[in-house]
Amino acid sequence: MAIDTGSAPTTAPEPPSGAPPQDLVMRLWRGDASGGRFQEYRVAPQEGEVVLDVVHRIQATQAPDLAVRWNCKAGKCGSCSAEINGRPALMCMTRMSTLATDQPVTVSPMRAFPIMRDLVTDVSYNFEVAKLIPAFKPGPRDPDGLYRMAQVDIDRGQEFHKCIECFLCQNVCHVIRDHEENKPRYAGPRFFVRLAELEMHPLDTLDRRDYIHQDMGIGYCNITKCCTEVCPEDIHITDNAIIPLKERIVDSHYDPVAWLGRKITGRPAPLRASEARKHTGAAHAQPPAAATPEPGDGA
Amino acid sequence: MSVIEDVPSPAPRPQPIPVRIGAPRAGPPRAVVLRKDPWWAQPLVTGLGLLAFVVYATWAAFRNGHYFIGLDQARNYLSPFYSPCLAANCPPAVRWGPVTPANSGFSPALIILIFPLAFRLTCYYYRKTYYRAFWLSPPACAVADAGSTSAKPNAFRKRYTGETRFPLVLQNVHRYTWYFTFIFAVLLTYDAIEAFRFPGGIGIGVGTLILVANSVFIWAYQLGCHACRHLSGGNLKKFSKAPARRWIWTNLTTPLNKHHQLFAWLSLMTIVVSDLYIYLVSSGAFSDPRIF
């Protein structure tokens, strides 16, 4: 695979009209699985634009074969995730006015995932993890056949519903970004948000703690908070989802007082991970293919 | 790895997430830093801050002197590094114990510092700070982990296991260190109250204000701890069934937790300022101005 790291970007031909000197210089990653490089484009700045607008303008005027994934242009679909000047962000929510335009603006695809083409990545890893989340399991209904929840009980989970699955948190998480060998055993921040939402749901009855500990690999997270820093929905992923899950796992796995309390009061032991696995989508699907080890990963 | 016997150990092997790894990744190699902002500034500043504290705390702990200003000097200030003072060589006015033989020459600080040290070492905020500043794992967001073999083939760490293995799995004792340091917070509050005692009655000196500020920030840090937030109500599924815990979680531990980083640093600084102030006054560098 031939990769040019961008030290000497290739420059697209100047537009026939000629570019004024104050043009924006955009460096977009172009390439596929066989290799890639940054390519420079010059476009005239326009007031009020976001990065996605400029990328679209380049696509419309200079690079019709540029691949870019997008959908709503409103920060709600999570499609246009990329790395802008090296920082993971949504292209549609990053205003050009917030970037220093006296130097080139770099737009690269999310580097934690395999390349498809140009700015588009293969995020199917996330969908495979999603199948492994044990589903919501409510208890019995009230005698009148209804489910009832107090408002104070569901307020806490509302924050987690804001997730748009842009996978920027998955992209920035160094556990898989820099240690790909961990992908088969680590769910990632987005799915810890989902698991926290289920674990804190007032009607849910499934105990996923051992499963989160064993199968979802929450112990790999070293809480450096990058997921929280890049979340475009301002979900406090680390403080409100991951750390509460870690503390629940301390309750179930590392706290001898909690263990003694269970022994004395007769409260049930944490549900085994093997039982929780029966509630995943994967439990009803074909057996997964074995994960391929990364050459030379040393794991 | 589990320490609790009612969780199966060894556990059945987890099923791997069916993902193909080793495919060509998107964008330039991860060792290439594309960020243009000074991403190195935060780990550098926080790392230097922690190092400075370690150096000062080591000096303060082994100093074994000038840590108390008694009523014979018209004040009643005890350094937080030496509270509670448990050694036989502690001044009688502040001695609790003793737990060491007389004339052992053992610094009282060395007996107790393991508890606040363990609390701060396992604190979720400090973990973030030193994993970034010293482990470089990662040094900053979207900057390659120093131990990433896939980003850097010659990386010095050949694998990353996070907090799943010894010794980092010991981070899970955080709540136990919290229990111990709760006692310390109570004692430091007692010291702050004692600092109002002047010859002939109640008074306020600059040292009193420093010790009160130290006590306030210690409590803000202690009660904003993530483990405290969990134990105060975060572990509930239904807040409606526990209104008192819900009130504490909503109005006390969660608001303090939002500023945990701030209080972590403020309390660290007031500990140093308190000790340094008492050392300087005790050693005669200047006298403590009385305000009231």
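The values are calculated or read from the model by the stated rules, or taken from the named source; none is laboratory data. Given the structure is predicted, the values throughout are model-derived calculations rather than measurements. Neighbour counts run over all protein chains shown; Cβ positions are idealised from the backbone, glycine included. Side chains included, ligands, DNA and RNA excluded: accessible areas come from the protein's heavy atoms. Shrake-Rupley method; radii C 1.70, N 1.55, O 1.52, S 1.80 Å.
Things to note:
- Panel values: segment B:76-206, Kirkwood radius from alpha carbon pairs, Stokes-Einstein at 25 °C and 0.890 mPa s, translational diffusion coefficient 135 µm²/s.
- Space enclosed by the convex hull of the alpha-carbon atoms of segment A:189-240, per residue, Å³: 74
- Apportionment of accessible area to carbon and sulfur, chain A, percent (1.4 Å): 54
- Orphan Cys of chain A, criterion: no other Cys C-beta under 4.7 Å: A:Cys80, A:Cys92, A:Cys163, A:Cys166, A:Cys173, A:Cys221, A:Cys231
- Peptide A:122-132 has a mean of 3 when you count, residue by residue, the C-beta atoms of other protein chains within 10 Å of its C-beta.
- Once the convex hull of all Cα atoms in chain A is built, its volume per residue stands at 178 Å³.
- Computed over chain B, Kirkwood Rh from alpha-carbon pairs, angstrom: 22.2
- Spatial offset of segment A:41-113 relative to segment B:193-212 amounts to 60 Å, using the alpha carbon center of each.
- Normalised contact order of chain B, rounded percent, pairs of Cα under 8 Å and 6 or more residues apart: 20
- Averaged over residues, the count of other Cβ atoms within 10 Å places the peptides B:164-176, A:158-170 in the sequence A:158-170, B:164-176, highest first.
- Comparing the full protein assembly with the isolated chain, the residues of segment B:26-59 losing at least 30 square angstrom of accessible surface (1.4 Å probe) are B:Ala26, B:Gly27, B:Pro28, B:Pro29, B:Arg30, B:Val32, B:Leu34, B:Arg35, B:Lys36.
- Shape box of the protein assembly as shown [Cα atoms, principal axes, largest first, Å]: 90, 69, 48
- Inter-chain Cβ neighbour count for B:130-143, averaged per residue, equals 5 (cutoff 10 Å, partner chain atoms only).
- For B:Glu163, the residues whose amide H sits under 5 Å from its own are A:Tyr220, A:Cys221, ignoring neighbours fewer than 5 places away on the same chain, with H placed 1.01 Å from N.
- Long-range tail of P(r) for segment A:24-121 (Cα pairs > 22 Å, %): 19
- Threshold 50 Å², segment B:157-191 residues less accessible with all protein chains present than alone (1.4 Å probe): B:Arg159, B:Tyr160, B:Glu163, B:Asn172, B:Arg175, B:Tyr176
- Any cysteine of chain B lacking a neighbouring Cys Cβ under 4.7 Å - listed by number: B:Cys123
- Listed peptides B:93-101, A:217-225 by packing density, highest first (mean Cβ within 10 Å): A:217-225, B:93-101
- Taking amide H as placed 1.01 Å from N in the peptide plane, the amide H of A:Val105 sits under 5 Å from that of A:Val25, A:Met26, A:Arg27, each at least 5 places away or on another chain.
- In angstrom, the C-alpha Rg and Dmax of segment B:42-135 are 16.0, 48.
- Highest GNM mean-square fluctuation among B:Cys90, B:Cys141, B:Cys228, for chain B modelled with Cα contacts below 10 Å: B:Cys141.
- Spatial separation of Cα centroids for segment B:69-86 and segment B:213-256, in angstrom: 31
- Packing around the peptides B:74-87, A:29-42, taken as the average count of other Cβ atoms within 10 Å per residue, puts them in this order, highest first: B:74-87, A:29-42.
- The residues of segment B:51-282 have, on average, 43 Å² of accessible surface per residue, using a 1.4 Å probe with all protein chains present.
- Computed from protein heavy atoms with a 1.4 Å probe, the total accessible area buried between B and A is close to 7700 Å².
- Per-residue mean of C-beta atoms belonging to partner chains within 10 Å, peptide A:184-190: 3
- Label-to-label distance, nm, for residues given as B:Lys237 and B:Arg159 (7 Å Cα→Cβ offset): 3.6
- Cα-based equivalent ellipsoid, segment A:124-282: semi-axes from gyration tensor eigenvalues, Å: 26, 20, 16
- When the alpha carbon gyration tensor of segment B:168-262 is reduced to an equivalent ellipsoid, the three semi-axes, largest first, read 31, 16, 11 Å.
- Here the accessible area of chain B is 69 percent carbon and sulfur, with a 1.4 angstrom probe and all protein chains present.
- Percent of beta bridges antiparallel (DSSP, the protein assembly as shown, rounded to nearest 5): 75
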